[in-house]
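All remarks here apply to the structure that follows.
The values are calculated or read from the model by the stated rules, or taken from the named source; none is laboratory data. Owing to the predicted nature of the structure, the values given are computational and were not obtained by experimental measurement. Methodologically, a virtual Cβ is constructed for each residue, glycine included, from the backbone with ideal geometry; neighbour enumeration extends over all protein chains shown.
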Amino acid sequence: MKNIALAIHGGAGTILRSQMTPGLEHEYRNGLENALKAGWSVLTGGGSSVDAVEAAVTSLEDFPLFNAGRGSVFTHEGMQEMDAAIMDGTKLKAGAVTFVRNIKNPVKLARLVMEETDHILLAGEGANQFAVDQGIKTEPDEYFFTEHRWLQLQEARASGVVQLDHTVAGKPIGTVGAVACDARGELAAATSTGGMTNKKFGRIGDTPLIGAGTYADDACAVSCTGHGEYFMIGVTAFDVAARMRYKGLDLSGAAAEAIDHVTALAGEGGLIAVDRNGNVALPFNSEGMYRAWMTADGIPHIGIYAD
């Protein structure tokens with residue numbers, strides 16, 4: 001199992017020590033550590049990279065401080081509309097959902113789209129009906145209600161803006177995701193999000209768009225986080241793979257260049273990536289990114305701030 005590797009993220013943005021209490025930082029670290037353990041146990045047990053990223057993202061979706069699943073932000077109408085995607089790099093198959101409501105773990109639904117349909121992206125009412133047909137676990141609105149998310153919405157409504165999580169000081173942020181390389185050198189990526197606070201007009205970000213926020217092939221697996229519009233323009237997740245394939249860059253160089261391109265577009269965020277040799281890259285251009293990773297040495301690493 002010399003090549004196994006796993007990386008996860010819980011969002012990138014303005015994350016400063018001065019805005020973080022010791023207790024809150026401890027909670028974030030626990031959330032990251034638990035998700036890392038969930039995915040790592042799959043890999044060390046001989047499981048697939050797809051199983052590992054699903055397990056890790058499921059754990060992140062269940063953690064209320066991250067903007068996915070239970071911790072999803074509110075739309076302008078006071079609802080949660082969630083997106084998720086997963087991709088199997090070996091089979092070049094992907095599944096994604098957008099505008100889903102009351103789904104406990106959207107990443108699980110995305111996987112069913114990949115494995116049980118001939119489609120890649122299902123949206124809204126149709127995606128929710130597919131969830132019912134597949135017996136996906138749902139939760140009532142109350143499960144997704146968190147006080148800090150509701151206060152975020154009130155602040156956003158009062159100022160008349162649609163905002164990323166990280167624009168509110170001291171609040172939880174962003175998309176969650178995971179990338180993995182299993183013992184066979186097979187790669188997978190998964191990403192999940194609640195979108196942007198106070199979003200209107202059916203806005204969709206990069207998370208469920210294969211190649212923009214999520215991508216995996218036989219070279220690398222990538223999950224992005226940040227201001228999704230810029231990652232869509234940059235086709236950032238695929239951009240990492242393209243720079244490896246066409247420019248001959250290693251994972252670290254390709255990932256860094258892809259984020260440099262986002263920076264040139266005036267976008268903010270980061271990504272996590274892994275290659276088939278078990279190398280990991282986690283570049284970002286913001287003041288912080290909730291992140292954790294583990295490679296074949298079995299030593300867990302958890303980071304929050306840029307320094």
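State the number of residues belonging to the range 13-41 that are modelled with pLDDT of 90 or more and surrounded by 19 or more Cβ atoms within 10 Å (Cβ to Cβ).
So the answer is 8.
Restricting to the range 168-203, name every residue that is at pLDDT below 70 and either within 25 Å of residue 94 (Cβ to Cβ) or under 18 Å from the mean Cα position of the chain (by Cα) (or both).
Of the residues in the range 168-203, the ones at pLDDT below 70 are 168-173, 197-200.
Matches in the range 168-203: 171, 172, 173, 197, 199.
Taking the residues in the range 260-285 that are under 16 Å from the mean Cα position of the chain (by Cα) and not in a strand (DSSP E or B) as candidates, determine which candidate is nearest to residue 7 (Cα to Cα).
282
For a quick check of your reading of the model, give me the residue pairs whose first member lies in the range 225-254 and is farther than 24 Å from residue 84 by Cβ and free of Cβ contacts under 8 Å to residues at least 60 places away in the same chain, whose second is surrounded by 24 or more Cβ atoms within 10 Å (Cβ to Cβ) and β-branched (Val, Ile, Thr), with beta-carbon atoms closer than 6 Å and at least 6 apart or on different chains.
Partner pairs satisfying both residue conditions: 254/240.
Any residue in the range 275-290 that is β-branched (Val, Ile, Thr) sitting within a Cβ distance under 9 Å of a residue that is assigned to a loop (DSSP other than H, G, I, E, B)? List the pairs, counting only those 6 or more apart or interchain.
280/295
Name the pairs whose Cβ atoms lie under 6 Å apart, with the first residue in the range 38-55 and over 20 Å from residue 84 (Cα atoms), the second at pLDDT 95 or above and part of a helix (DSSP H, G or I), and 6 or more positions between them or separate chains?
Close Cβ pairs satisfying both conditions: 42/51; 42/52; 42/55; 43/52.
Here is a yes/no grid of residues against (1) of a type in the set (Ser, Thr, Tyr); (2) touching a residue at least 12 places away in the same chain (Cβ under 8 Å); (3) over 21 Å from residue 136 (Cα atoms); (4) in contact with an Asp or Glu (Cβ under 9 Å, 6 or more places away or on another chain):
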| site | (1), (2), (3), (4) |
| --- | --- |
| 2 | no, yes, yes, no |
| 15 | no, yes, yes, yes |
| 58 | yes, yes, no, no |
| 68 | no, yes, no, yes |
| 108 | no, yes, no, yes |
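Would you point out the residue of the range 269-300, among those that are surrounded by fewer than 21 Cβ atoms within 10 Å (Cβ to Cβ) and among the acidic types (Asp, Glu), that is farthest from residue 9 (Cα to Cα)?
Of everything passing the filter in the range 269-300, 297 is farthest from residue 9 (Cα to Cα).
Within the range 1-12, count every residue that is over 21 Å from residue 268 (Cα atoms) and at pLDDT below 95.
3
Just the residues that are at pLDDT 95 or above, within 16 Å of the chain's Cα centre (by Cα), surrounded by fewer than 24 Cβ atoms within 10 Å (Cβ to Cβ) and in a helix (DSSP H, G or I), please, taken from the range 212-259.
230, 232, 238
Among the residues of the range 236-243, is there at least one that is of a type in the set (S, T, N, Q) and out of contact with any helix residue (DSSP H, G or I) (no Cβ under 6 Å at 6 or more places or on another chain)? Step through it out loud before you land on a result.
Narrowing the range 236-243 to residues of a type in the set (S, T, N, Q): 236.
Keeping just the survivors that are out of contact with any helix residue (DSSP H, G or I) (no Cβ under 6 Å at 6 or more places or on another chain) gives none.
No, the range 236-243 has no match at all.
Condition check: surrounded by 18 or more Cβ atoms within 10 Å (Cβ to Cβ), modelled with pLDDT under 65 and over 28 Å from residue 296 (Cβ atoms). Does residue 153 satisfy that?
It is true that residue 153 is surrounded by 18 or more Cβ atoms within 10 Å (Cβ to Cβ), modelled with pLDDT under 65 and over 28 Å from residue 296 (Cβ atoms).
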